[in-house]
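Chemist: Have a look at this one before I ask anything.
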Amino acid sequence: RATLLLSRCLLKMVKGSIIGPEEILNFCCNGLQGSTSPPRAREPGEEAQGAMASPPPARNPTEVQMSQLVLPCHTNHRGELSTGQLLKWIDTAACLSAERHAGCPCVTASMDDIYFEHTISVGQVVNIKAKVNRAFNSSMEVGIQVSYEDLCSGKHCSICKAYATFVAQGPLGSKVRLEPLIPQTEEEKIEHSIAAERRRMRLVHKDTLKDLLTRSPQQTELETRDGSGAVPAAKTRVESVELVLPPHANHQGNTFGGQIMAWMENVATIAASRLCHAHPTLRAIEMFHFRGPSQVGDRLVLKAIVNNAFKNSMEVGVSAEAYGQEMSVSRRHINSAFMTFVVLDQDGHPRTLPMLAPEPGDGERRYREASARKKIRLDRKYVVSCKQTEVPLSVPWDQSNKVYLSYNNVSALKMLVAKANWALAREKEKVRMYTLEEDKFLSFRIEISVGIAAGRAFSLLSNLERRHEWDSHYVSAELVQKVDDDDMIYHVVSQKLRHENKPQDFVILASRRKPCSTGDPYVVAFRSVTLPTHPARAEFTRGETLCSGFCIWPESEEMSKVAYYNQATPGYLNYVTTNVAGLSSDICSTFEACEKFLLKNKEDLISRMQDF
């Protein structure tokens, strides 16, 4: 009532009206207790304005917002926010959100993979938003969004998105049964639904890793890197001890989960630095899993070692163990995690890292497991977030839209080729494999130099009916429709996929383009289309390709650089990530066969052209 009376006085002042002393007295004496004076007639338009106003949407009661100004004490040697400090803030905000829903103390059970997109500098503000996505029996998933704000420019930028699992605890550490969370908005309903799938992934994570290692070769191939001497893994080993003091404990007396994560990040960074002799940047964290609590007075032993060094990233394994004052008591395993580091050059691009020589026994096991985890990380990052499966990738083919589809087919491939952030992932002999990680897609590129003229390679590779001669995945390719000299539609049959009992088939539009000017490549672009004459059939599993194809650049009159691009679809992603992680060499072997095919057939092609 006080606010209403004050608003009326202000409204009169704005309109130039005189406020009588009785109105002021009425506000001062009765405003906070309710006025007994007769209701005032509404001003013209006041009722309409009130009718138009709509109440703001209800805020999620579990939502917690935290803003922190980055000070010099929070930063590393580069003046950037320490990842360990950021993990503390993330864990604090998530815990407060979980306790809002549970109404009792909560402890961190795990933290899912975190991918850091940008660094944060001194003077910028970190904004953290956390809210419970879903409550299960005694645990709940908390979603965390982190961004930074530049106070001078007003710029806002996303840093990372994370998911944490918290467990509610009652007296003496007993579990508390949680009330279900009812989502309100569309976004909350989506997160609530997907939370169950993420929980399922967490529960089967170990089985996924074990199954992948069982199906993979026992010996993971080492990459070939010119001029790189292998660094013994033992030289990267780090061990450090921390005494848990009261400032390190949370409001329940246990060691603060964020503090443990910060200590783990510290030793992992030291291990990574010993491999590359530079200051590394943390790019991703594999799931943190807390196996038990520690208390004030405990000694935490933190261990780290580089498990595997890929072309431009490395995985560091880190663990935390606790013991009390008595050394005779066995140590308790508190936490373990795997962190991915890169080393950036002056332009912000990842540098090539030295090779790692794993220790015999457990070191070799960790080396193989690191390759498997890399594949799983790629799968989780792109399969879970990819929304391609919500709509079909194939587009209907019709004569009326053939010009548009052909243009779209070629332009999509050229846009993929023009991307600037391709990173060299593997190198075997003459075959080089690059990857491009974007928000919802994982793309790859295979390059090989071949002693054949670019035009001749273009003629051979654009004919899908001959692809089975060098690509073992192709069984056959039938020319269904010749649209014109540059566009063909094929029905392709491929081999059976793993765990599938039927071969795949595709209906593919192949669009060819010769160079328009010097420096342009020859282009052969592929994408899936649908044809009424070739519907999906029971004997095949219908596959789809979104964007793929060849680009061929002339390096000399008799030498060409052949590159194959593919924006991996969910059905093809498992095959790609297995090769990227070094658990398979199928792609490299396929393109070695492609080189032999081109060299074998170039003389035959010359003869036919001469006869013509």
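The values are calculated or read from the model by the stated rules, or taken from the named source; none is laboratory data. Since this is a predicted model, take the numbers as computed values, not measurements. So basically every Cβ, Gly included, is an ideal-geometry build from the backbone, and we count neighbours across all protein chains shown. Heads up: the accessible areas ignore ligands, DNA and RNA and are worked out on the full protein's heavy atoms, side chains in. Shrake-Rupley method; radii C 1.70, N 1.55, O 1.52, S 1.80 Å.
Chemist: When residues of region 320-348 are filtered for being surrounded by 17 or more Cβ atoms within 10 Å (Cβ to Cβ) and under 24 Å from residue 243 (Cβ atoms), how many remain?
Modeler: Count: 9.
Chemist: If you check every pair at least six apart or on different chains, which have Cβ atoms under 8 Å apart with a residue in region 585-609 that is assigned by the TED database to the domain that holds residue 549 and open to solvent by less than 40 Å² (accessible area, probe 1.4 Å) first and a residue that is at pLDDT 85 or above and of a type in the set (Asp, Glu) second?
Modeler: Final answer for the pair search is 590/471; 593/471; 594/471; 597/469.
Chemist: Quick one: is residue 475 more than 21 Å from residue 593 (Cα to Cα) and in contact with a His (Cβ under 7 Å, 6 or more places away or on another chain)? Full working, then the answer.
Modeler: Numbers: more than 21 Å from residue 593 (Cα to Cα): no; in contact with a His (Cβ under 7 Å, 6 or more places away or on another chain): yes.
For residue 475, the condition - more than 21 Å from residue 593 (Cα to Cα) and in contact with a His (Cβ under 7 Å, 6 or more places away or on another chain) - is not met.
Chemist: Do we find that residue 575 is aromatic (Phe, Trp, Tyr) and surrounded by 18 or more Cβ atoms within 10 Å (Cβ to Cβ) in this structure?
Modeler: Numbers: aromatic (Phe, Trp, Tyr): yes; surrounded by 18 or more Cβ atoms within 10 Å (Cβ to Cβ): no.
When the stated conditions are applied, residue 575 does not pass them.
Chemist: Taking the options 513, 537, 527, name whichever one is touching a residue at least 60 places away in the same chain (Cβ under 8 Å), over 29 Å from the mean Cα position of the chain (by Cα) and open to solvent by 10 Å² or more (accessible area, probe 1.4 Å). Let's see the steps before the verdict.
Modeler: Details: 537 fails: touching a residue at least 60 places away in the same chain (Cβ under 8 Å); 527 fails: over 29 Å from the mean Cα position of the chain (by Cα).
Result: 513 is the single residue among 513, 537, 527 that is touching a residue at least 60 places away in the same chain (Cβ under 8 Å), over 29 Å from the mean Cα position of the chain (by Cα) and open to solvent by 10 Å² or more (accessible area, probe 1.4 Å).
Chemist: Can you go through 271, 233 and tell me which one is free of Cβ contacts under 8 Å to residues at least 60 places away in the same chain and crowded, with 17+ Cβ neighbours inside 10 Å?
Modeler: Details: 233 fails: free of Cβ contacts under 8 Å to residues at least 60 places away in the same chain.
Within the list 271, 233, the selection yields 271.
Chemist: Among the numbered criteria (1) open to solvent by 50 Å² or more (accessible area, probe 1.4 Å); (2) in contact with a Cys (Cβ under 7 Å, 6 or more places away or on another chain), which single criterion is violated by residue 470?
Modeler: Residue 470 satisfies every listed condition except (1).
Chemist: Moving on. So which strands (runs of 3 or more DSSP E) are wholly in region 222-299 and hold at least 3 residues that are under 23 Å from residue 93 (Cβ atoms)? Explain how you work it out, then say what you get.
Modeler: Numbers: elements: 238-243, 281-285, 288-290.
Of the strands (runs of 3 or more DSSP E) lying wholly inside region 222-299, those with at least 3 residues that are under 23 Å from residue 93 (Cβ atoms) span 281-285, 288-290.
Chemist: Give me a count of the residues in region 85-101 that are touching a Phe, Trp or Tyr at 6+ places or on another chain (Cβ under 7 Å) and under 18 Å from residue 247 (Cα atoms).
Modeler: 1
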